[in-house]
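Take a look at the structure below.
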Amino acid sequence: MSAPAVVCLARTGLAVAREAAAAIGGELFAPASVLPGDGFDGRPSDVIRELFLAGRPVVGVCAAGILVRCLASCLGGKRSDPPVIAAAETGAFWIPLLGGHVGANALARRLADALGGRPVLTTASDLRFGLALDDPPEGWALRNPEALSGLTAKLLAGEGVALGGSAAGRADWLAGLPRREGAPDLMVGAEPSGDLPALVPKCAALGVGCVRGCRPEELIALADGTLHAAGLSPDALAGVFSVDLKADEEAVVAVAGQYGAPARFFTPGELESQAPRVRDPSAIVFREVGCHSVAEAAALAGAGPDGSLRVGKQKSASATCALAVAPEPILDLAGRGRGRLFLVSIGPGCAAWRTPEASRMIAEAEEVVGYGAYLDLVGPVLRQRPVKRFALGEEAERCRYALARAAEGRSVALVCSGDVGVYAMASLVWELVDREDAFRRVEVRASPGVTAANAAAARIGAPLGHDHCMISLSDLMTSREVILARVEAAARADFVISFYNPVSAGRRTLLPAARDVLLRHRPSTTPVAVARNLGRVGESLRHVDLCALRAEDADMRSVVLVGASTSRRLSTADGARMYTPRGYRSARGTGAAG
Ligand code: SAH
């Protein structure tokens, strides 16, 4: 879960808010009027909404009603929304408003323990038994959650529960539940539980190895067989472990994905230190990898010093697998993750044009990387995150830095304006991953964003209503000849064109040259719109005829949309608008659907 955000809306609550943030590893957010020099500008309700949509647990040191009103329109599902707590500014009450069983009750208890005051719990099972079966402690998983509601209803109606399973006697945290004798209705243990609800301690470590290119199905089948032989439910897996060399191996990643378990990797040296505990060492593996065992050693290293091998090395044609089990749930995973790089599209500027997924990626990242001006656009939610700023032009350095930090096992967000895949960092990142083996291990995930052409189109009318293309007029990476040849082709094909990077201080002739090419193919009165600073301070929109388009109309902060021969301009009470009909038949409503 990402770091909680403690939002304080009045100076009188600051002391409690600061203490609360310190107690739960949270970040303090307050308006500049409350926290001069370190507070955020803009509306507190926007900031609270953005934090919530980004998946951050929110502790509001303010009236409960403020949080309710502000978040009402953003509520999703009870399992997907982050916890929300209202706190009295005296610190006397900690009130979980949302997500009691996804962390809010636990957080309220922690706050009350640290600062005094009372957690104001309203969820029935917490009040009656001091626990929630659907919110087990760290290191435990709930299997068959859908089967739990009947049991909870019976408990609340005053009946007892009969526990079954190998760990039934060891789960102290279930002590508050009333018991009954008879056939079990709740299983506690790492073994499979059939259809019954089960609380599963995550105490198993799966070690895997394989030859390069092993089919994922082969390794998954071998792992399934190993779990079966051990009599363990896949939910008992705390992690899937292997050697560093396999961090970019599809089959290993697929096994971890199959069981919803994190993948962790060790150096050959770390694995070799497990040699005294390994059952089935191999000289061949030592020659190839630098340690005498991968699967067994990785399982043992994953299970920790108190763990032991449950299933020794199992082999298939191209894979190996072993299973070790620790006496208690494994809480701190050993080894390094693959590392994750989020390619985050923040849209043209304003927060309203940013997807919740993009905000969530920023919230989840341990470090945020980007061009300084784009990081500034992200606003207050970035305020206290570790940030690495780069100057304009340092694109390759930016991407390399982000990948290198991720390859060390971190979650890194690389922030880009508009859409990260449109004339932006995503292709450079993939180029580096393609070229450099060290980056192959990193899990790269991109969020789609509102690109400048979409934002411009929304302001202009519906210029992209028929076939269209984007052309960048930057000649830094593409020669002038190629650019003009593409303009010519687009002009011949009668595409609507969005020109990115239309004019820079040192490049002023390409836009007029492109205009002249276009004028040979479409009317001089073809509507053109120049949209500048979309979604940012100083946004402007200007309509001109194609023949009148000049370099002075645009700069690097504008995108130029040139209509096709069918595009139309009209005057409205809100100013000029441009649209491109969907086709010859669309005015009669028989065009393509959508
Ligand atoms: N990834 C960005 C594009 C980067 S190329 C996106 O998807 O929007 C940079 C060019 O994009 C600028 O020269 C300009 O043409 C356009 N652009 C980016 N943001 C803009 C904005 N807020 N307003 C107008 N044009 C913008």
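Looking at the stretch 306-347, which of its residues are among the polar types (S, T, N, Q) and within 16 Å of the ligand (Cβ to nearest atom)?
SER345
Take the residues in the stretch 12-32 that are touching a Leu at 6+ places or on another chain (Cβ under 8 Å) and open to solvent by 30 Å² or more (accessible area, probe 1.4 Å); name whichever of them is nearest to HIS101 (Cα to Cα).
Filtering the stretch 12-32 for residues that are touching a Leu at 6+ places or on another chain (Cβ under 8 Å) and open to solvent by 30 Å² or more (accessible area, probe 1.4 Å), the one nearest to HIS101 (Cα to Cα) comes out as ALA23.
Check GLU270 against each of (1) closer than 26 Å to ALA407 by Cβ; (2) open to solvent by 40 Å² or more (accessible area, probe 1.4 Å); (3) assigned to a loop (DSSP other than H, G, I, E, B); (4) in contact (Cβ under 8 Å) with a residue 60 or more places away in the chain and name the one condition it does not meet.
Unmet condition: (3).
Output the residues belonging to the stretch 137-166 that are out of contact with any Cys (no Cβ under 9 Å at 6 or more places or on another chain) and closer than 19 Å to GLU328 by Cβ.
Initial filter on the stretch 137-166 (out of contact with any Cys (no Cβ under 9 Å at 6 or more places or on another chain)): 137-138, 140-166.
Scanning the stretch 137-166 gives PRO137, GLU138, TRP140, ALA141, LEU142, ARG143, LEU163, GLY165, SER166.
Rundown of residues vs (1) within 17 Å of LYS202 (Cα to Cα); (2) without any contact (Cβ under 8 Å) to a residue 24 or more places away in the chain; (3) surrounded by 24 or more Cβ atoms within 10 Å (Cβ to Cβ), yes/no style:
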position: ALA283; (1), (2), (3): no, yes, no
position: GLU288; (1), (2), (3): no, yes, no
position: VAL294; (1), (2), (3): no, no, yes
position: ALA297; (1), (2), (3): no, no, yes
position: PRO305; (1), (2), (3): yes, yes, no
position: SER316; (1), (2), (3): no, no, no
position: PRO327; (1), (2), (3): yes, no, no
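Taking the stretch 451-463 only, how many residues are within 14 Å of the ligand (Cβ to nearest atom) and either outside any loop (DSSP other than H, G, I, E, B) or among the hydrophobic types (A, V, I, L, M, F, W, C) (or both)?
Looking only at that region, the number is 9.
Could you check the stretch 358-436 for helices (runs of 4 or more DSSP H) lying wholly inside it with 1 or more residues that are farther than 25 Å from ASN501 by Cα and out of contact with any strand residue (DSSP E or B) (no Cβ under 8 Å at 6 or more places or on another chain)? Please lay out each step first, then the result.
Details: elements: 372-378, 395-407, 425-435.
The qualifying helices (runs of 4 or more DSSP H) are 395-407, 425-435.
Of the numbered conditions (1) away from the ligand (no atom under 16 Å from the Cβ); (2) open to solvent by less than 60 Å² (accessible area, probe 1.4 Å); (3) in contact with a strand residue (DSSP E or B) (Cβ under 9 Å, 6 or more places away or on another chain); (4) more than 20 Å from ILE346 (Cα to Cα), VAL444 satisfies every one except a single condition; which is it?
(4)
Mind listing whichever residues of the stretch 475-509 are farther than 22 Å from ILE460 by Cβ and either in contact with a strand residue (DSSP E or B) (Cβ under 6 Å, 6 or more places away or on another chain) or within 16 Å of the ligand (Cβ to nearest atom) (or both)?
ASP475, LEU476, MET477, THR478, ILE483, ARG486, SER504, ALA505, GLY506, ARG507, ARG508
Six or more apart or on different chains, Cβ under 7 Å: which pairs go from a residue in the stretch 7-34 that's without any contact (Cβ under 8 Å) to a residue 60 or more places away in the chain and closer than 16 Å to ALA114 by Cβ to one that's acidic (Asp, Glu) and open to solvent by 10 Å² or more (accessible area, probe 1.4 Å)? Could you list them?
Short answer, once both residue conditions are applied: ALA21/GLU27.
Part of a loop (DSSP other than H, G, I, E, B), under 20 Å from ALA297 (Cα atoms) and open to solvent by 60 Å² or more (accessible area, probe 1.4 Å): is that true of ARG170 in this structure? Before the answer, list the steps.
On the way: part of a loop (DSSP other than H, G, I, E, B): yes; under 20 Å from ALA297 (Cα atoms): no; open to solvent by 60 Å² or more (accessible area, probe 1.4 Å): yes.
Judged against the criteria, ARG170 is not a match.
The values are calculated or read from the model by the stated rules, or taken from the named source; none is laboratory data. Everything numeric here is computed off the predicted structure, so don't read it as measured data. Positions of Cβ are generated from backbone atoms using ideal geometry, with glycine treated the same way; all protein chains shown enter the neighbour counts. For the accessible areas, the whole protein counts, side chains as well, though only heavy atoms, and no ligand, DNA or RNA atoms are used. Shrake-Rupley method; radii C 1.70, N 1.55, O 1.52, S 1.80 Å.
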